[in-house]
């Protein structure tokens, strides 16, 4: 009995260790947030933008500084024509990571696009 209990404890310790390694390798982003982010990316690529936004929101709720999820959410909002919301997401990414080139570029593209379309700009 003792050996099997020790074996179970050893397996659980290894499993916990593997989860900790995954979290450490992902910049401290919890696995659930990573899962929701990947699921949302798939939904977005399939054209299910609103469903994708829900999962991106859930991922960011779990990990508020998850730049990949915030940036992807901005891209999704841009594709839906929700430019003001998209710019706010890109602003948040830049607030967290001032050197995030993709968010800066996307924000500038939206500003240029909305200027051409005559849509009021956020934050400029």
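Figures for the structure shown
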{"read-out": "Area projected by the alpha carbon convex hull of the stretch 27-117, averaged over all directions, nm²", "value": "5.5 nm²"}
{"read-out": "Contact order normalised by residue count of the stretch 27-117, Cα under 8 Å, 6+ apart, percent", "value": "20 percent"}
{"read-out": "Neighbour-count order for 45, 73, fewest beta carbons within 10 angstrom listed first", "value": "45, 73"}
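Taken together, the values in this text are just the output of simple stated rules run on the coordinates, not laboratory data. What you see is a predicted model; the values in this text were computed from it and never measured. Note: ideal-geometry Cβ built from the backbone for every residue, glycine included; neighbour counts use all protein chains shown.
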